[in-house]
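Right, one structure below, let's go through it.
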Amino acid sequence: MKTNSANELWKRCTQVIRDNVSETTFSTWFAPIIPLSYENQVFTLQVPSQFFYEYIEETFVDLLRMTIHREVGEGTRLMYRVLVDRNAGTSTTIPSDEKVKPFASTPIQKENPFVRSSQVQNIDPQLNPIYNFNSFIEGNSNKLARTAGLSIAKDPGTTIFNPLFVYGPSGVGKTHLVHAIGVQTKQLHPEKRVLYVSANLFQIQYTDAVRNNTVNDFLNFYQSIDVLILDDIHEFAGKNGTQNTFFHIFNHLHQNGKQLVLTSDRSPVVLQGLEQRLLTRFKWGLSAEISQPDYELRKAILQHKIYKDGLDIPDDVVTYIAKNVVDNIRDLEGVIISLLAHSTLTNCSIDLKLAEKVIAGIVNIKPKTITIEHIRDVVCDHFGLKIEDMLSKRRDRQLAQARQIAMYLAKNYTQHSLSAIGASIGKRDHATVLHACKVVSDLMEIDKTYKGCIEEIQQKINA
């Protein structure tokens with residue numbers, strides 16, 4: 001088949017793909033793909049790099065294969081032409097890994113553990129081994145939940161953390177943590193029957209059991225589990241039949257010393273749409289919040305990922321990402337992937353300019369507003385002074401120097417008038433502020449130690 005025909009086939013495929021992914025994802029991962037040929041039921045696509053090929057195979061290959069199967073034809077095999085050296089034009093051909101993810105015209109489903117007999121000892125725990133405690137970086141926002149998780153994995157069902165109810169906003173690491181609990185439990189206690197299941201999948205399987213009149217088998221299976229991990233339990237809201245069934249499963253497991261680990265987007269206290277008897281039981285063990293990661297944790301997560309993946313990203317870029325991508329861990333990982341993709345596609349190095357461009361397309365960066373009060377507080381903290389000292393009439397040397405520095409920085413960082421700055425820092429007049437700014441400026445030119453002190457305070461203001 002001619003190249004034009006391959007182009008037409010790929011055009012039809014991209015129309016389907018575009019409907020199933022975000023515009024940013026499409027432009028990053030599918031727009032750069034070039035259709036080369038379709039011959040002997042082999043559809044060959046050119047991708048820009050080895051990293052690009054690996055990411056497509058890991059993340060989007062099911063969607064890609066199903067779309068090609070639908071638009072190109074039954075039995076079509078997928079082949080990649082990977083550019084090895086863009087400048088020299090050298091490439092290598094790699095087939096799609098069909099052994100891992102077989103080609104099919106319908107969505108691929110994981111093997112269903114619920115239809116197995118409860119007499120079978122070994123079940124698929126449905127855990128992702130990548131999500132383990134080694135890759136779950138500890139910080140102030142997750143320390144309690146992580147510590148409890150480690151205790152559970154060591155002795156499931158015997159600790160006071162039963163159930164463990166982990167809650168927090170999307171993307172902060174709840175699913176990672178509960179997978180880590182399951183993975184470590186299986187490592188330490190391979191005989192335990194561990195199962196991870198999302199609330200959505202539990203609901204689907206329960207509905208099928210009702211339709212097929214196999215609810216008793218469904219109950220028997222779940223009541224045979226040693227460690228049950230249920231993700232996003234808030235999705236049970238308003239589903240009375242599912243809640244009632246889970247209530248009986250919960251009681252059976254808890255009474256028999258089995259471990260329950262649950263996650264939700266909010267604490268049991270504010271959960272809506274769930275029966276009170278369930279909410280009461282959720283509070284029996286430990287409710288542990290995972291909040292948005294602070295700057296130190298965000299930076300540690302980035303450094304871990306960069307080290308683990310063998311990447312080369314400058315420190316100033318890492319710092320910029322950690323300071324500006326603040327909502328969740330998922331966004332941090334997305335930024336790293338997008339940086340690598342843009343760097344590969346444009347054949348340029350990763351620097352601060354590229355990071356600013358990529359982050360602007362992923363998160364809304366709000367410019368930080370620096371106030372006179374913020375500057376005043378930072379200066380007081382730096383010199384170990386109290387705010388009331390700064391605002392007092394006292395004129396001892398250290399205090400006078402701190403006031404002058406605060407006035408100088410307020411003039412440089414804000415748009416306020418000299419009178420407004422003076423009024424906020426000790427109720428001084430504009431002439432005093434003007435004099436303070438000249439004193440500080442002159443000292444910075446002749447005293448390197450003094451200048452270093454000012455720069456250190458500026459770093460704290462900008463942090």
Just to check your reading of the model, which residue among Leu36, Leu63, Leu45 is farther than 25 Å from Asn347 by Cα and at pLDDT 85 or above? Leu63
Top-ranked residue in segment 408-463 [being of a type in the set (A, V, I, L, M, F, W, C) and closer than 27 Å to Ala322 by Cα; ranked as surrounded by the fewest Cβ atoms within 10 Å (Cβ to Cβ)]: Ala463
Cβ-Cβ below 8 Å, separation at least six or inter-chain, first residue in segment 378-391 and free of Cβ contacts under 8 Å to residues at least 40 places away in the same chain and assigned by the TED database to the domain that holds Ala423, second of a type in the set (D, E, K, R) and not in a helix (DSSP H, G or I): which pairs? Cys380/Lys386; Leu391/Lys427
Which members of segment 310-331 meet the condition of being open to solvent by less than 70 Å² (accessible area, probe 1.4 Å), without any contact (Cβ under 8 Å) to a residue 40 or more places away in the chain and on the phi < 0 side of the Ramachandran plot? Leu311, Ile313, Pro314, Val317, Val318, Thr319, Tyr320, Ile321, Ala322, Val325, Val326
In this structure, does Val358 turn out to be in a helix (DSSP H, G or I), within 19 Å of Lys451 (Cα to Cα) and open to solvent by less than 40 Å² (accessible area, probe 1.4 Å)? no
Name the residues in segment 27-56 that are among the hydrophobic types (A, V, I, L, M, F, W, C) and under 16 Å from Glu71 (Cβ atoms), would you? Phe30, Ile33, Val42, Phe43, Leu45
So how many residues does segment 148-165 have that are out of contact with any helix residue (DSSP H, G or I) (no Cβ under 8 Å at 6 or more places or on another chain) and exposed (fewer than 14 other Cβ atoms within 10 Å of the Cβ)? 3
Given the structure, is Ser135 open to solvent by 10 Å² or more (accessible area, probe 1.4 Å) and more than 20 Å from Gly334 (Cα to Cα)? no
Can you give me the ranges of the helices (runs of 4 or more DSSP H) entirely in segment 385-459 with at least 1 residues that are modelled with pLDDT of 90 or more? 397-413, 418-424, 430-446
Does Gly257 meet the test of being assigned by the TED database to the domain that holds Leu195 and either in contact (Cβ under 8 Å) with a residue 24 or more places away in the chain or surrounded by 14 or more Cβ atoms within 10 Å (Cβ to Cβ) (or both)? yes
If you check Thr3, Thr14, Thr28, Thr76, which single one turns out to be open to solvent by less than 30 Å² (accessible area, probe 1.4 Å), farther than 24 Å from Ser343 by Cβ and either modelled with pLDDT under 85 or of a type outside the set (Phe, Trp, Tyr) (or both)? Thr76
From the set of residues in segment 176-223 that are touching a Ser or Thr at 6+ places or on another chain (Cβ under 7 Å) and within 20 Å of Leu150 (Cα to Cα), which is most open to solvent (accessible area, probe 1.4 Å)? Lys192
Which listed residue, of Ile108, Ile56, Ile68, is surrounded by 12 or more Cβ atoms within 10 Å (Cβ to Cβ) and at pLDDT below 80: Ile108
Subset of segment 261-305 [among the aliphatic types (A, V, I, L, M) and not in a loop (DSSP other than H, G, I, E, B)]: Val261, Leu262, Val269, Val270, Leu278, Leu279, Leu286, Ala288, Leu297, Ala300, Ile301, Leu302
Could you please give the count of residues in segment 136-173 that are touching a His at 6+ places or on another chain (Cβ under 7 Å) and of a type in the set (Ser, Thr, Tyr)? 0
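The values are calculated or read from the model by the stated rules, or taken from the named source; none is laboratory data. Quantities reported herein were computed from a predicted structural model and do not represent experimental measurements. Positions of Cβ are generated from backbone atoms using ideal geometry, with glycine treated the same way; all protein chains shown enter the neighbour counts. When the accessible area is computed, the model is the full protein with side chains, heavy atoms only, and any ligands, DNA or RNA have been set aside. Shrake-Rupley method; radii C 1.70, N 1.55, O 1.52, S 1.80 Å.
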